[in-house]
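Student: Input: one structure, supplied below.
The values are calculated or read from the model by the stated rules, or taken from the named source; none is laboratory data. On a predicted model such as this, the values are computed, not experimentally measured, just so you know. In this analysis, Cβ positions are derived from the backbone assuming ideal geometry, glycine residues included, and neighbour counts consider all displayed protein chains.
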Amino acid sequence: MKKQSKKGITLIELLLAIFVFTVGILSVSQTFPLGIHIQKSAQMDTVANQLCQSKMEEIFALSYGEMALGTSEESYGSIASFVSYKRRAEISYFDPNNPSVPPALDSGIKKVKITVFWHSPMGVSEKQVAITNLIAQK
Amino acid sequence: MKKKSFTLIELMITIAVLGLVSGGIYTGFNLSQKAYRESEASAEITQNGRVILERMNREIHQAKEIVGAFPEERQDAEDEIIFEDGHISDSYNYIHYFKTDDTIKREVVGYYFSGDGGQTLVPWNATPPANQTLLTKNLEEARIIGEWVYGLEIWGSKVVNIALSLKKQDKSLHLETKILGRNL
């Protein structure tokens with residue numbers, strides 16, 4: 001009797017095996033939603049980049065004088081068909097000799113910075129992308 | 001003899017366990033297939049949208065002139081655009097982007113006078129000599145540059161606006177961009 005019980009698999013062993021197997025399957029299945037989220041996140045990056053570029057092009061279309069100094073912001077919900085994005089445009093004077101401090105006087109160069117913000121499905125913090133361009137007076 | 005064989009109970013437990021295990025495997029497989037299909041569809045529309053806008057962007061940036069009167073308002077938007085290729089300086093090549101079914105195609109066309117045997121390319125709005133007409137010929141045949149498109153709107157003659165909608169299975173993506181033609 002004792003000899004025979006050693007040869008087989010007990011119910012406990014079997015249950016343990018199933019449990020381990022289930023844990024394995026569950027952890028593998030967790031990666032699928034993760035993959036979809038990463039995909040969605042990449043898609044949102046693409047959209048944000050396009051929004052950023054469009055705004056830059058819009059400002060490029062203006063003449064140097066028309067580019068008004070200051071910050072303008074389109075808050076969440078205000079960009080038609082892109083309600084989950086926020087966009088900020090900052091225009092300031094620029095001094096090539098002292099790039100970090102915007103000068104008070106016009107030296108013939110303006111700095112345009114466009115920043116787009118959004119909430120990625122990955123993580124809770126706000127993501128952002130920015131492009132900066134210098135525009136010289138013609 | 002009796003000890004060596006399976007009892008009915010043992011057999012039923014085996015079948016039940018096997019059922020559970022194969023059910024689990026099936027669910028896992030199904031899930032992976034679904035995840036694969038979804039992320040593939042999503043990646044594909046993102047990629048197609050990006051490529052379409054990227055290509056149009058580059059060429060419209062450099063465009064010399066848009067053919068015909070182009071609508072300024074979104075409600076009058078077109079689903080095609082023809083403009084003069086700004087990358088070619090010694091001839092008149094016109095790039096045509098248009099939507100057919102769910103694809104965006106690109107072709108290059110040229111205009112010439114019907115009496116000109118050499119078919120020298122002329123501007124789209126050139127006035128033909130008496131008794132001749134302006135004809136078009138294909139310089140590069142239409143090629144698909146993107147798929148899964150169900151909406152294309154183009155408007156604005158100075159700053160060209162493009163709104164693109166893509167859809168595959170239940171995944172959809174909407175992209176919009178603006179392009180300032182540097183030579184327009």
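Student: Tell me which strands (runs of 3 or more DSSP E) are completely within the range B:142-184 and hold 1 or more residues being away from every other protein chain (no Cβ under 11 Å), or say none if there are none.
Tutor: Those strands (runs of 3 or more DSSP E) span B:149-155, B:159-168.
Student: Go through the range A:102-136 and give me each residue that's surrounded by 10 or more Cβ atoms within 10 Å (Cβ to Cβ) and outside any strand (DSSP E or B).
Tutor: Hits for the range A:102-136 are A:P102, A:P103, A:D106, A:S107, A:G108, A:S120, A:P121, A:M122, A:G123.
Student: Also, quick follow-up: Filter the range B:56-72 down to the residues that are of a type outside the set (A, V, I, L, M, F, W, C) and either in contact with a Gly (Cβ under 6 Å, 6 or more places away or on another chain) or within 14 Å of chain A (Cβ to nearest Cβ) (or both), then identify the one that is farthest from A:M44 (Cα to Cα).
Tutor: Once the filter is applied, the top-ranked residue is B:K64.
Student: Moving on. Mind telling me which of the residues A:V83, A:V23 ends up being under 19 Å from B:G49 (Cβ atoms), more than 8 Å from every other protein chain (Cβ to nearest Cβ) and either out of contact with any strand residue (DSSP E or B) (no Cβ under 7 Å at 6 or more places or on another chain) or not in a helix (DSSP H, G or I) (or both)?
Tutor: Criteria check complete, one pass: A:V83.
Student: Can you confirm whether the range B:136-155 contains a residue that is farther than 30 Å from A:V47 by Cβ, among the aliphatic types (A, V, I, L, M), at pLDDT 90 or above and out of contact with any Cys (no Cβ under 7 Å at 6 or more places or on another chain)?
Tutor: Yes, the range B:136-155 contains at least one residue that is farther than 30 Å from A:V47 by Cβ, among the aliphatic types (A, V, I, L, M), at pLDDT 90 or above and out of contact with any Cys (no Cβ under 7 Å at 6 or more places or on another chain).
Student: If you don't mind, there's one more thing I want to ask. Which one of these does B:P129 not meet: (1) closer than 19 Å to B:R55 by Cβ; (2) without any contact (Cβ under 8 Å) to a residue 24 or more places away in the chain; (3) assigned to a loop (DSSP other than H, G, I, E, B)?
Tutor: Every condition holds for B:P129 apart from (1).
Student: Inspect all residues belonging to the range B:99-112 and state whether any of them is assigned to a loop (DSSP other than H, G, I, E, B), away from every other protein chain (no Cβ under 14 Å) and modelled with pLDDT of 90 or more.
Tutor: Scanning the range B:99-112 turns up at least one residue that is assigned to a loop (DSSP other than H, G, I, E, B), away from every other protein chain (no Cβ under 14 Å) and modelled with pLDDT of 90 or more.
Conditions tested, residue by residue: (1) in contact with a helix residue (DSSP H, G or I) (Cβ under 7 Å, 6 or more places away or on another chain); (2) over 30 Å from B:K171 (Cβ atoms); (3) at pLDDT 90 or above; (4) within 8 Å of chain A (Cβ to nearest Cβ).
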| position | (1), (2), (3), (4) |
| --- | --- |
| B:S5 | no, yes, no, no |
| B:M12 | no, yes, yes, no |
| B:I15 | no, yes, yes, no |
| B:L18 | no, yes, yes, no |
| B:S22 | no, yes, yes, no |
| B:K34 | no, no, no, yes |
| B:A41 | no, no, yes, no |
| B:T46 | yes, no, yes, yes |
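Student: Something else now. Mind checking whether some residue in the range B:67-84 is loosely packed, with under 11 Cβ neighbours inside 10 Å and either under 30 Å from A:S29 (Cβ atoms) or of a type in the set (A, V, I, L, M) (or both)?
Tutor: The answer is yes, given that some residue of the range B:67-84 is loosely packed, with under 11 Cβ neighbours inside 10 Å and either under 30 Å from A:S29 (Cβ atoms) or of a type in the set (A, V, I, L, M) (or both).
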